[in-house]
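A.B. asks: Here you go, one structure.
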Amino acid sequence: AISTMSSAVDTKNIITLKGSVAIVSEFFFTAINSILYQRGIYQPETFKRESKYGLTVLTTTDAGLLTYLNQIMGQMESWLLDGDVQRLVVVVSGVDSGETLERWQFNVGVEKDGDGMAASGFGDENVAHNNVPKQTSSKKGKSLREIHDEIQAIIRQITASVTFLPLLNE
């Protein structure tokens, strides 16, 4: 049976990332690649090391996966621009069973002033949320450094969460 995560989100355990659609899209691309690599969904040799946000991250070199992710990112950017997306969910399902093995949820909110988006931390039904306080936004916006610091924290949170998850057998 496929289990679903409650739609109620405890805002005390959310990391908020604010930035332009391009920054938020690039973050999601990096986060998805991180999940795919860390969970061993694609072979490690199909990833290359890159430096982003003051971290070494791994990005796929698999042509088919890149094409697929670029299509998803294009659609997501359109939804972000229109304010039509509230959450991005990455589902890891078994190849043979089709059963949901993991579910990573990124909550997204549009700032009322129209300056940017807010991509709130993630949830995985198999992992308790880290107790990271919600960031407050000021009217003047955030610097690129502050945005990169928040992205770093989320990527580190993904990496830390993976250590608590069981190995994927499918």
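The values are calculated or read from the model by the stated rules, or taken from the named source; none is laboratory data. Note that the coordinates shown come from a computational prediction; the quantities given were computed from them, not determined experimentally. Note that we place each Cβ from the backbone using ideal geometry, even for glycine, and neighbour counts take in every protein chain shown. For the accessible areas, the whole protein counts, side chains as well, though only heavy atoms, and no ligand, DNA or RNA atoms are used. Shrake-Rupley method; radii C 1.70, N 1.55, O 1.52, S 1.80 Å.
A.B. asks: Which far-off residues, 5 or more places away or on another chain, put their amide H under 5 Å from the one on Val92, with H placed in the peptide plane?
C.D. replies: Leu101, Glu102, Arg103, Trp104
A.B. asks: Sticking with this structure for a sec: What distance in nm separates the simple spin-label points at Thr67 and Ala22, each placed 7 Å from Cα in the Cβ direction?
C.D. replies: Label-label distance for Thr67 and Ala22, simple model: 2.7 nm.
A.B. asks: Which distance in nm do the two modelled labels at Glu45 and Ala160 give, with both placed 7 Å along the Cα-to-Cβ direction?
C.D. replies: Here the modelled spin labels are 3.4 nm apart.
A.B. asks: For Thr61, Thr100, give me the order by solvent-accessible area with a 1.4 Å probe, most accessible first, ignoring ligands, DNA and RNA.
C.D. replies: From most accessible down to least: Thr61, Thr100.
A.B. asks: Show the residues, 5+ positions off or on another chain, whose built amide H is closer than 5 Å to the amide H of Lys52.
C.D. replies: Amide H neighbours of Lys52, under 5 Å, 5+ apart: Val57.
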